[in-house]
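Participant: The structure under discussion is supplied below as structure tokens; questions concerning it will follow.
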Amino acid sequence: MSQTPQRITPRIFKGTRDFLPAAMIPREDILETIRGAFHRYGFAPLQTPAFEYLEILTGKSGGEADKLIYNLAYKGGDELALHYDLTVPLARVVAQYPDQLPLPFRRYQIQPVWRADRPQLRQGRFREFVQCDADIVGVDSTLADAEIIALTAGVLADLGFGSDQRRFVILVNDRRLLSALTAWAGLDPQTELAKVCRCLDKYDKVGRDGVEAEFDRERVPAEAVHRLLRLFDLGEAAGGAAAAEKLAALGRYAAELRPALDELAALFAALEALGVPDERWSFTPWLARGLDYYTGPIFESVLPAKPHIGSLTGGGRYDGLVGRFAKRDLPATGTTIGIDRIFAAMEQLGMITERPSRTRVLVADFGPETRSASLRLAAELRRAGIDTEVYLEEAKLGKQFKYADRLNIPLVALIGPEEAAAGTVDLKRLADGRQVSVAAEDSVDEVRNLLAG
RNA sequence: GUGGGAGUAGCUCAGUUGGUUAGAGCACCUGGUUGUGGCCCAGGAGGCCGUGGGUUCAAAUCCCAUCUUCCACCCCA
């Protein structure tokens, strides 16, 4: 071994992560659950490049998102960037292959995205993270929005979220309602909507007085603020009948809110018919969300017990986005399911069991004389669909057992000189120390038996 | 981008008013046990005390700078 004059410090860029097997295995399980839900709701897979032309990716939501895009150095004169989300690439794809994608197009997409903001681990916020998107393009019916919300509720329930500390709520609102409210308050939605959204959205954090102070700081006229704050008189958010009451109350405020309220009423009715339980969603009229390309219903899911994590999923209707790339505009709605947020939340709620290996059986090695018998056993177990690994060198049995123990491998199979001579296999279950000797031809059955017990 | 903490072994940390050779737990390796893991015992390896400068007879400890990192805000998944 030659001496290295200069060692390179092993490290990774802030906000990026390595997933070692113990964490990667539960992560894979979560992804599998999400993928299963996407399939069950009839979404088709899509993948797009990690980097694209910068001009495709920028300009979606004003300057805010653009600042967070990782630009790549000039390559042959082309300006490129890592994609910031999966929604813009979808809009491009829909515009680029109109003849190959029958509408309505339901697509899901699971890929990393990159954002140049400040990472915060505890909040599940990273510079590289994976988004699981489900979107429906080509339908402007609220039925599509309802499907997205039902899917979200289904995924979170499948992952084990539901009651007590694990309770989740999907907050639902509509940008058209916010716009109508802004107009009703005497402000011009064209110029003031973003500001109104920003202030209202803080309600859950700073309360009614905080929002009022925020409006004051933004120099919104007192008369307008008075009208806007009436939203909070409607009481705490809730789904089902409570949401319907809230719609009715808003309807009494002003007739110009009616169209938006009718849309929401249709959405809520669809949620009920799709079997989304009332306690899983909540009509939250002050929900605004940051991105300003939303044009209709908006939604995000949160864990009341873990407010610092922010939203686990978020989405809404964006009817103007495809039009950036195509002559013909297409309505679209969808959500992002943030697996990294979800993983962080599940970790903090004790829902993750680390697993360093998926192996079910370790076949020990006793040296050259019995090695082929051991390898034949491993091959047979594998043919039977049992995840099996062989120890790859002759070593003390203690060391081999310790290896199995460290990796949480439940069973060790032993074929030493005695077993080889007798044509048997010894199987030991580490959890309870039970060890049995079986004829070689019965080993698969006995392995299954021991793993089941 | 704005504000506040923290940097000592692979990880979590201790280290007294500056004072001999910088420690513990966990993890790792070896042995106790050449056919049996966890528990126990013995031993071993592993440190430019983040980096650079300053004060001092003497700095992990005091001062300055710098880098890194964590937390909160903004925004978001």
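Participant: With respect to A:Arg434, determine if the residue is basic (Lys, Arg), farther than 25 Å from A:Pro21 by Cα and modelled with pLDDT of 90 or more.
Facilitator: Considered against the rule, which asks whether it is basic (Lys, Arg), farther than 25 Å from A:Pro21 by Cα and modelled with pLDDT of 90 or more, A:Arg434 comes out as yes.
Participant: Out of the residues in the range A:258-299 that are at pLDDT 90 or above and among the basic types (Lys, Arg), state the one that is surrounded by the most Cβ atoms within 10 Å (Cβ to Cβ).
Facilitator: The residue in question is A:Arg280.
Participant: So which pairs qualify, if the first residue must be in the range A:327-356 and in a loop (DSSP other than H, G, I, E, B) and more than 10 Å from RNA strand B (Cβ to nearest atom), the second must be at pLDDT below 95 and polar (S, T, N, Q), the Cβ gap must be under 8 Å, and the two must be at least 6 apart or on different chains?
Facilitator: A:Leu349/A:Gln165; A:Arg355/A:Asn408; A:Pro356/A:Asn408
Participant: Which members of the range A:238-257 meet the condition of being under 12 Å from A:Thr284 (Cβ atoms) and either surrounded by 21 or more Cβ atoms within 10 Å (Cβ to Cβ) or of a type outside the set (A, V, I, L, M) (or both)?
Facilitator: Listed by number, the residues that qualify are A:Gly239, A:Ala243, A:Lys246.
Participant: Any residue at all in the range A:358-366 that's modelled with pLDDT under 90, touching a helix residue (DSSP H, G or I) at 6+ places or on another chain (Cβ under 8 Å), assigned to a loop (DSSP other than H, G, I, E, B) and away from RNA strand B (no atom under 14 Å from the Cβ)?
Facilitator: No, the range A:358-366 has no match at all.
Participant: Examine the range A:259-274 for a residue that is assigned by TED's automatic domain parsing to the domain that holds A:Pro297, under 32 Å from the mean Cα position of the chain (by Cα), over 20 Å from A:Val302 (Cα atoms) and not in a helix (DSSP H, G or I), and state whether such a residue exists.
Facilitator: yes
Participant: In addition: Out of the residues in the range A:427-445 meeting the condition of being hydrophobic (A, V, I, L, M, F, W, C) and over 19 Å from A:Ala373 (Cα atoms), tell me which one is surrounded by the fewest Cβ atoms within 10 Å (Cβ to Cβ).
Facilitator: Result: A:Ala431.
Participant: I'd like to check which strands (runs of 3 or more DSSP E) are fully inside the range A:68-165 and have at least 1 residues that are touching a residue at least 40 places away in the same chain (Cβ under 8 Å) and within 14 Å of RNA strand B (Cβ to nearest atom).
Facilitator: A:105-114, A:128-137
Participant: Please go through the range A:385-426 and pick out each residue that is of a type in the set (S, T, N, Q) and surrounded by fewer than 20 Cβ atoms within 10 Å (Cβ to Cβ).
Facilitator: A:Asn408, A:Thr424
Participant: Show the residue pairs that are 6+ apart or on different chains and have beta-carbon atoms under 6 Å apart, the first residue being within the range A:419-442 and under 17 Å from A:Leu397 (Cα atoms), the second being hydrophobic (A, V, I, L, M, F, W, C) and part of a loop (DSSP other than H, G, I, E, B).
Facilitator: Note: pairs meeting the criteria are A:Val425/A:Ile415.
Participant: Please determine whether any residue of the range A:386-406 is touching a Phe, Trp or Tyr at 6+ places or on another chain (Cβ under 6 Å) and near RNA strand B (Cβ under 9 Å from one of its atoms).
Facilitator: yes
The values are calculated or read from the model by the stated rules, or taken from the named source; none is laboratory data. The model shown is predicted, which means the values in this text are computed figures rather than measured ones. Counting neighbours? That spans all protein chains shown, and the Cβs are built from the backbone with ideal geometry, glycine included.
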